Amino acid sequence: MCGIVGYVGYREAQPILLESLQRLEYRGYDSCGIATLNDSLTMSKDVGRVVDFAKNSPKIHGKAGIGHTRWATHGTVTSANAHPHLDCTGNIAVVHNGVIENFQKLRDDLTKEGHRFNSDTDTEVIAHLIEKYYQGDLKEAVSKALTEVTGTYAVVVLAKGHKDLVVARQESPLVIGVGDKENFVASDVAASLDYTDRTIYLEDGDIGIVSPDSITITNNGQTVKREEQIVPWSVEDAQKAGYEHFMLKEIHEQPKAIENTLRAQIPFIKPLTILGAESEKRLEDIMLIACGTSYHAGLIGEYVIGKLCRVPTRVKIASEFDPNCIALEKTWVLGISQSGETTDTLRALKHANSRGCPTIGITNVQGSSITRITEQVIFTQSGPEIGVAATKTFIAQLTALYSLALKMAQLDVKAQESYQTEFKTLPSKVQQILDNEEQIAEYGRQLAKCDNAFFVGRGISYPVAMEGALKLKEISYIHAEAYAAGEIKHGPFALLRSNTPIIAIAPRDNTYDAMLTSIKEIKARGPQVIALAQEDDEEIQQFVDIVIRIPKVDPLFSPFLNTVAMQLLAYYAAKERGCAIDLPVNLAKSVTVP
Ligand code: G6P
């Protein structure tokens, strides 16, 4: 959701800014721009991808600069709306990520005071407010400007006459990459991995001055020390490593993501240790909160926790979270977010905190906001995920949720061992599906011809179907819907045609017979049915057109394997259609606006 970068040091800023912006492009990619400071500010911006901008934009000089890749919120995609934005004098340049909620009022007031605006963005008011308050001290002016602003922001400011960058954060991510006689600023650590693995994560309310050899941060007027941390990812982790797309690379990294996340620390869970005991904080239920793909992981988690732990468990889409639906202190709230920055999820967790509920975060990003607002954190170990469509982070979220459920469950030793043994076979079984890639690719290419598709599943496979449909629509732009297989006859049957493929997820669990019934009912209406079925399932092939064989596994773990097969289907359908797989139209990987 917009990526911002900054550089101060001894090198030319432009190439570093452009390189860093390309690493952040997954956050937004409708337009981009940079500004550098020599004797005066020079700016260059345009609509389109950073890669084209990097090729075509004029050389601009300076050893300090800022840059931005945009995902439009206020104002359409035009060069004027691209960041950076300048004040009236052209001496102050601002890049911003977030949403200024009171921008219209500020803009009206500033206009009355004589300020002239060149864009439709909320961001531009920040540049004008800084101009209004500027009396030689840039940080002071930024500080005063931001007191007038309500909303969320990560801001980097570059101004004529100042060799430093001024940075500020409120609910939108901002990190400082610490170098030697140079420093970097970015929305996330991936941007400066080429240059440094030393990072400082800013916190809400922080305002900082970043110069080539010093970083000073204040919060509420007081100087604060933010510890430097080493990023656990390498540059290679954030490169394509010979794959055509990041998404394909990330699909192939899933065996490793499971293995590594299996080794992750599952925290000591306070409420569960007192489950059933006399206590004021007795756990009554668990609520999982998430958005998008993470929400689907939550739905599967609900099923697994419910089955293994017998604790009432609910899942809420974070943007639909209503603080009134939690029992004070007795609902244990678990937020799932690969980025750790999704505004809706963070807001729901803050509500839960304010109501005294114990909170846990599951995230893939060290230092992300979710790690600061939850009591305990489980880090999935996927490495950086660059493709906008989540793949390996989803599989790692499942790994974390299953590990948590097994840790919480009061199973006898034999049952616990049996689940753990099955769990450990998953990386090699996922690998078997990847080894069968070419066959699935062929079915994906066939899928590319359709305009609509349905994914159906029952029980634990229903959220898996939802994830399959989401992957297909996100990257191939084929309209895809997921249905609980038993529900498809209540309406969607009217849409079934011979060119409407149905992808049916049919593990050998207690829903299998009912699934076969649904498949027969669907088939009788003409569509092609592609079944995802266990490798030794001889029965299903007589009722469907295509069977994708899935290695045999305890059905509880089938979501891992079925998901990987569906990711490949979606990937090859999208590739056949010539889609921009890693950067789908209108989507962003990290959604930091409500
Ligand atoms: C965006 C991404 C999705 C992701 C969702 C939630 O929409 O494109 O891939 O699932 O945000 O993100 P989170 O970081 O909270 O998991």
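The values are calculated or read from the model by the stated rules, or taken from the named source; none is laboratory data. No experiment lies behind these values; they were computed from the predicted model shown. So basically every Cβ, Gly included, is an ideal-geometry build from the backbone, and we count neighbours across all protein chains shown. When the accessible area is computed, the model is the full protein with side chains, heavy atoms only, and any ligands, DNA or RNA have been set aside. Shrake-Rupley method; radii C 1.70, N 1.55, O 1.52, S 1.80 Å.
Which ones in region 286-328 are among the hydroxyl-bearing types (Ser, Thr, Tyr) and within 16 Å of the ligand (Cβ to nearest atom)? Before the answer, list the steps.
Keep residues of region 286-328 that are among the hydroxyl-bearing types (Ser, Thr, Tyr), which gives 293-295, 303, 313, 319.
Thr293, Ser294, Tyr295, Ser319, listed by residue number.
Taking the listed residues Ala390, Ala409, Ala400, Ala396, the one that is outside the structural domain of Pro551 (by TED's automatic domain parsing), within 23 Å of Asn97 (Cβ to Cβ) and either surrounded by fewer than 18 Cβ atoms within 10 Å (Cβ to Cβ) or in contact (Cβ under 8 Å) with a residue 24 or more places away in the chain (or both) is Ala390, with no other qualifying.
Scanning region 353-368 for residues that are over 24 Å from Asn324 (Cβ atoms) and of a type in the set (Ser, Thr, Tyr) gives Thr363, Ser368.
Quick check on Lys429: is it under 21 Å from Ala290 (Cα atoms) and open to solvent by 10 Å² or more (accessible area, probe 1.4 Å)? Spelling it out, it is not the case that Lys429 is under 21 Å from Ala290 (Cα atoms) and open to solvent by 10 Å² or more (accessible area, probe 1.4 Å). For Thr69, are the conditions met, namely being more than 30 Å from the chain's Cα centre (by Cα) and either among the basic types (Lys, Arg) or part of a strand (DSSP E or B) (or both)? It is false that Thr69 is more than 30 Å from the chain's Cα centre (by Cα) and either among the basic types (Lys, Arg) or part of a strand (DSSP E or B) (or both). The residue that is farthest from the chain's Cα centre (by Cα), among those in region 1-60 that are closer than 16 Å to Val157 by Cβ and in a helix (DSSP H, G or I), is Ala13. Just wondering, is there one or more residues in region 334-344 that are more than 16 Å from the ligand (Cβ to nearest atom) and either open to solvent by 10 Å² or more (accessible area, probe 1.4 Å) or free of Cβ contacts under 8 Å to residues at least 12 places away in the same chain (or both)? So far as region 334-344 goes, no, none of its residues is more than 16 Å from the ligand (Cβ to nearest atom) and either open to solvent by 10 Å² or more (accessible area, probe 1.4 Å) or free of Cβ contacts under 8 Å to residues at least 12 places away in the same chain (or both).
Residue check: Val167 meets all listed conditions (1) surrounded by 18 or more Cβ atoms within 10 Å (Cβ to Cβ); (2) touching a helix residue (DSSP H, G or I) at 6+ places or on another chain (Cβ under 8 Å) but one, namely (2).
Select, from Gly367, Gly387, the only residue that is in a loop (DSSP other than H, G, I, E, B) and touching a His at 6+ places or on another chain (Cβ under 8 Å). Spell out the reasoning first.
Working: Gly367 fails: touching a His at 6+ places or on another chain (Cβ under 8 Å).
That would be Gly387, the only listed residue that is in a loop (DSSP other than H, G, I, E, B) and touching a His at 6+ places or on another chain (Cβ under 8 Å).
Name the residues in region 295-345 that are touching an Asp or Glu at 6+ places or on another chain (Cβ under 7 Å) and not polar (S, T, N, Q), would you? Residues satisfying the conditions are His296, Val311, Pro312, Arg314, Val315, Ala318, Ala327, Lys330. Just one residue in the set Thr511, Thr517 is open to solvent by 40 Å² or more (accessible area, probe 1.4 Å) and of a type in the set (Val, Ile, Thr); that residue is Thr517.
Does Gly98 satisfy being of a type in the set (Gly, Ala, Ser), at pLDDT 95 or above and either over 30 Å from Thr342 (Cα atoms) or part of a strand (DSSP E or B) (or both)? Working first, answer last.
Details: of a type in the set (Gly, Ala, Ser): yes; at pLDDT 95 or above: no; either over 30 Å from Thr342 (Cα atoms) or part of a strand (DSSP E or B) (or both): yes.
Judged against the criteria, Gly98 is not a match.
Scanning region 379-420 for residues that are in contact with a strand residue (DSSP E or B) (Cβ under 7 Å, 6 or more places away or on another chain) and under 14 Å from Glu250 (Cβ atoms) returns Thr380, Gln397.
Scanning region 565-582 for residues that are within 16 Å of the ligand (Cβ to nearest atom) and either among the hydroxyl-bearing types (Ser, Thr, Tyr) or buried (at least 24 other Cβ atoms within 10 Å of the Cβ) (or both) gives Met566, Gln567, Ala570, Tyr571, Ala574. For region 118-127, the condition holds for no residue, the condition being that it is open to solvent by 10 Å² or more (accessible area, probe 1.4 Å) and either among the basic types (Lys, Arg) or in a helix (DSSP H, G or I) (or both).
Got a sec? Which of Thr380, Thr331 is of a type in the set (Ser, Thr, Tyr), open to solvent by less than 40 Å² (accessible area, probe 1.4 Å) and more than 16 Å from the ligand (Cβ to nearest atom)?
Thr331
Could you list, ordered by first residue, the pairs with Cβ atoms under 9 Å in which the first is in region 571-594 and without any contact (Cβ under 8 Å) to a residue 24 or more places away in the chain and the second is crowded, with 20+ Cβ neighbours inside 10 Å, at least 6 apart or interchain? Matching pairs, first to second residue: Ala580/Tyr29; Ala580/Ile475; Ala580/Ala574; Asn586/Asp30; Asn586/Trp71.
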